[in-house]
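Heads up, the thing below is written out as structure tokens.
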Amino acid sequence: MRRALLGALLLGMGCAGSGPVRVEPFPGERRFAGLRQLTFGGENAEAYWSFDFTSLVFQSTRPPFTADQIFTMGADGSRQTLVSTGKGRTTCAYYLPGDKKILYASTHAASDAPPPPPDRSQGYVWPIHAEYEIYLADADGGNPVNLTRRRGYDAEATVSPLGDRIVFTSMRDGDLDLYSMKLDGSGVRRLTDRPGYDGGAFFSWDGRKIVWRAPAEDDDVTKGDYAALLARGLVRPSRLEIWVMDADGSNKRQVTRFGKASFAPFWHPDDRRIIFSSNLGDPKGRNFDLYLIAEDGTGLERVTFFERAGDDFDGFPMFDREGKRLVFCSNRRNAHPNETNVFIADWRE
């Protein structure tokens, strides 16, 4: 009942989509045969396809909420529906194969109120809230079940297309490492153990590989402020590279070597190329665009060209299975500062 009332309130405030709006790609965005905007206002991010590619699950901060909650919507932006509890703060939702279940991380068990925002006196940092737990719920948000049940950050969960394992980031062993587990939370395996932040992982379409973000191989994070910030629940993401490994954690290899902030990688359906977001093209490090690169680090190609004055962002890309559509989030076409919206591009191969 609470979720239904909140959903009605959101509809009344005009936050739900009334249909996509076709917009023009920027000059240079030759990969986009067409582009449509699905959300309009608020902070909307990490929109990921259902496995039948008719729906999206995403996180959004919009009235009456002061922190991200999880929503679903149709691929045309319709039927935007709250599916998290409306309490605490949430992040990183994902469908399971079959589209009857979703995963997301939430702090709602610790408090109805969201954790405070990060301390920006430390510069640009990401919060690592110890209250996050990973929940498995029905696709409409019903029957959420805690899969992690332990103190410390557990979040950033995504699912293998094979439907057998979940990959996620956890602080359970004292550092931000990647783990995998079965769909019921059992059979946990640690996949990374090098000091530094390992996160944002996705399985390849064949389920055999994982792509993620982490510091460079030669980046000794123990000599920087990583440990001190982590003790305060913060991470500075200014130097992250794209990495690939086999699904069991073996055969790790670094893909990019830019010395910049590269993150949000996702596999092209050919399982040989990776699309990701990076500020590598901006000497000031403020403008993030999408790039495409081969798994072996060759063939770098810039995909988006959003270059307005200020902190311009294109990120969180995800292809559909046929590689015909790309969903991503951007603050292009903002009506107000700090807005981020969801877009779908028709991909030109």
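The values are calculated or read from the model by the stated rules, or taken from the named source; none is laboratory data. Here the structure is a predicted model, which means the values were calculated and not measured. All Cβ positions, glycine included, derive from the backbone under ideal geometry; neighbour counts span all protein chains shown.
In this structure, does E217 turn out to be in contact with a Pro (Cβ under 8 Å, 6 or more places away or on another chain) and among the acidic types (D, E)? Spell out the reasoning first.
Numbers: in contact with a Pro (Cβ under 8 Å, 6 or more places away or on another chain): no; among the acidic types (D, E): yes.
Against the criterion (in contact with a Pro (Cβ under 8 Å, 6 or more places away or on another chain) and among the acidic types (D, E)), E217 does not qualify.
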*asked:* Any residue at all in segment 113-121 that's surrounded by fewer than 22 Cβ atoms within 10 Å (Cβ to Cβ), at pLDDT 95 or above and over 20 Å from the mean Cα position of the chain (by Cα)?
replied: yes
*Hey, does segment 227-242 have a residue that's closer than 27 Å to P25 by Cα, in contact with a strand residue (DSSP E or B) (Cβ under 6 Å, 6 or more places away or on another chain) and of a type in the set (S, T, Y)?*
no
_Looking at (1) in contact (Cβ under 8 Å) with a residue 24 or more places away in the chain; (2) in a loop (DSSP other than H, G, I, E, B); (3) within 24 Å of G174 (Cα to Cα); (4) small (G, A, S), which one does A110 not meet, given that it meets all the others?_
(1)
_Within segment 182-209, tally of residues that are under 24 Å from S50 (Cβ atoms) and under 19 Å from the mean Cα position of the chain (by Cα)_ = 9
_Boolean, V21 is of a type in the set (A, V, I, L, M, F, W, C), in contact with a strand residue (DSSP E or B) (Cβ under 9 Å, 6 or more places away or on another chain) and within 26 Å of F305 (Cβ to Cβ)_ = yes
*From the list G207, G199, which residue is of a type in the set (G, A, S), over 23 Å from F288 (Cα atoms) and in contact with a Ser or Thr (Cβ under 7 Å, 6 or more places away or on another chain)?*
G207
*Being touching an Asp or Glu at 6+ places or on another chain (Cβ under 6 Å) and assigned to a strand (DSSP E or B) is the filter; apply it to segment 122-151 and report the residue that is nearest to F319 (Cα to Cα).*
I134
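Can you tell me which of A309, A294 is surrounded by fewer than 16 Cβ atoms within 10 Å (Cβ to Cβ), aliphatic (A, V, I, L, M) and either modelled with pLDDT under 95 or under 29 Å from R62 (Cβ atoms) (or both)? It would help to see each step written out before you state the result.
Numbers: A294 fails: either modelled with pLDDT under 95 or under 29 Å from R62 (Cβ atoms) (or both).
The conditions single out A309.
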*If we only count strands (runs of 3 or more DSSP E) wholly inside segment 1-59, which ones have 1 or more residues that are of a type in the set (G, A, S) and modelled with pLDDT of 95 or more?*
32-37, 43-49
*Selected residue (criterion: nearest to I70 (Cα to Cα)) from residues of segment 122-144 that are surrounded by fewer than 18 Cβ atoms within 10 Å (Cβ to Cβ) and among the charged types (D, E, K, R)*: D140
_Single match in R165, R151, R62, R89 (criterion: touching a Phe, Trp or Tyr at 6+ places or on another chain (Cβ under 9 Å), more than 29 Å from G41 (Cβ to Cβ) and among the basic types (K, R))_ = R165
*Based on what the data block shows, is S78 at pLDDT 95 or above, crowded, with 22+ Cβ neighbours inside 10 Å and touching a Gly at 6+ places or on another chain (Cβ under 6 Å)?*
no
_Considering only segment 133-143, I want to know if a residue exists there that is at pLDDT 95 or above and either within 30 Å of G285 (Cβ to Cβ) or under 15 Å from the mean Cα position of the chain (by Cα) (or both)._
yes
*State all residues of segment 52-69 that are farther than 15 Å from T85 by Cα and crowded, with 19+ Cβ neighbours inside 10 Å; if no residue qualifies, say none.*
S55, L56
*asked:* The conditions are (1) without any contact (Cβ under 8 Å) to a residue 24 or more places away in the chain; (2) within 24 Å of G207 (Cβ to Cβ); (3) not basic (K, R), and F316 fails exactly one of them. Which is it?
replied: (1)
